[in-house]
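The values are calculated or read from the model by the stated rules, or taken from the named source; none is laboratory data. Note that this is a predicted model, so its numbers are computed, not measured. Cβ placement follows ideal geometry from the backbone for every residue including glycine, while neighbour counts extend to all protein chains displayed.
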Amino acid sequence: MNELIVYCDGGFGNRFNALVSGLLLARRTGRRARFVWPVNNWCGAAFGDLFDMDLPVVERELATFVAERDRHTYLMVEDRLGLSGGQASGYTNPMQMPSWQALEAFFHAARAPVFYYTALVPGFISETEVLSQVRQLRFRPGLVARAEHFLASQGLGASGAAFVGIQIRKTDFGTRGADDATLFDIVRAKENHRFFVCSDDAEVERRFAQLPNVVIHRKRAHVEKLVEGGWNAQTTDHSGRLYPFNVNRSAASVEDALVDLLILSCSTIVNTSGSTFLQTAMRIQASGLRAHRAEAASRPSLAAVGA
């Protein structure tokens, strides 16, 4: 009964938000947390591939909880599989909770282990609390070393030159993706600035790599399509849920993306989209988690970049 199941699903940024907020909920309510990290088309990397943390983590798909749906009280943002269908109260959306007090009242009234599932950090959690928790996270040393080696080899970061970081989210964002054509023109015109550009689209990275003031972290793998068609073709994921996101992220592509994220967190970050991945880079930077982060006072302003 005194258990909190934190379901981390979706891409890395979504899972990061569930992990961070789940840790905070467990501490605030005194619940024993168990983290579920499925390896699927959204994220082919296991928790241990990305983090160096001693947490109780299991790999289970959401669909495997259907048979146990009457055993939990649901605190989640959506219920496409009808997990809460057998309960009169349905599920409660954590994004609509007004305060920690409301959250604590919810847990106090719960008569079963709480199943927590969200892709965003609920608004009742302050950014100060979020950054404090982010500061306590530990990534795999090998991935951190790869980011540090890249920065050192390019002469970038706290011990080198200031640089501007641009993430260009394209594959599954459709028309909400970053305007890479405009960004390309801006970067090309800013010859006196150094840029780090990362994208989930291999062609975008190849195009920007042609510019002399741009550096790219060469990846072993990029996001692939789950089925034939466009990036926003309707697909069925590993749990049988329908989404207009035709993505298949291998373990290597997620690990390489995390290296990108760590590099990005050392830059002057240009806000190019509503990507949770980009938000994660900003939070890592703001938390001071990484020892070799860039100092804001020594970096060019976004206005100077023209973005």
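Looking across region 1-29, the residues that are part of a loop (DSSP other than H, G, I, E, B) and modelled with pLDDT of 95 or more come down to C8, D9, G10, G11. Only one entry in V227, V204, V215, V223 is over 23 Å from G10 (Cβ atoms), of a type in the set (V, I, T) and in the same structural domain as R146 (by TED's automatic domain parsing), namely V215.
The residues in region 163-183 that are farther than 21 Å from C43 by Cα and touching a strand residue (DSSP E or B) at 6+ places or on another chain (Cβ under 7 Å) can be counted, and the count is 7.
Among the residues of region 179-189, is any small (G, A, S) and under 20 Å from T280 (Cβ atoms)? Checking region 179-189: not a single residue is small (G, A, S) and under 20 Å from T280 (Cβ atoms).
Taken over region 140-157, the criterion of being touching a Ser or Thr at 6+ places or on another chain (Cβ under 9 Å) and of a type in the set (V, I, T) is satisfied by no residue. Taking the criterion of being loosely packed, with under 13 Cβ neighbours inside 10 Å and hydroxyl-bearing (S, T, Y), the only residue of region 192-243 that qualifies is T236. When every residue of region 180-188 is checked against the conditions, none turns out to be closer than 27 Å to D49 by Cα and loosely packed, with under 15 Cβ neighbours inside 10 Å. Of all residues in region 40-54, those being free of Cβ contacts under 8 Å to residues at least 40 places away in the same chain and part of a loop (DSSP other than H, G, I, E, B) number 1. Only one of these conditions is not met by A209: (1) within 22 Å of A45 (Cβ to Cβ); (2) out of contact with any Gly (no Cβ under 8 Å at 6 or more places or on another chain); (3) among the aliphatic types (A, V, I, L, M). Which number is it? Failed condition: (1).
Check I263 against each of (1) assigned to a helix (DSSP H, G or I); (2) out of contact with any strand residue (DSSP E or B) (no Cβ under 7 Å at 6 or more places or on another chain); (3) not hydroxyl-bearing (S, T, Y) and name the one condition it does not meet. With respect to (1) assigned to a helix (DSSP H, G or I); (2) out of contact with any strand residue (DSSP E or B) (no Cβ under 7 Å at 6 or more places or on another chain); (3) not hydroxyl-bearing (S, T, Y), I263 is out only on (2).
Checked against the criterion of being touching an Asp or Glu at 6+ places or on another chain (Cβ under 7 Å) and either outside any loop (DSSP other than H, G, I, E, B) or among the hydrophobic types (A, V, I, L, M, F, W, C) (or both), the candidates A221, A233 yield just one match: A221.
As a summary of the residue check, A202 satisfies the conditions (1) in contact (Cβ under 8 Å) with a residue 24 or more places away in the chain; (2) in contact with a His (Cβ under 6 Å, 6 or more places away or on another chain) except for the one numbered (1).
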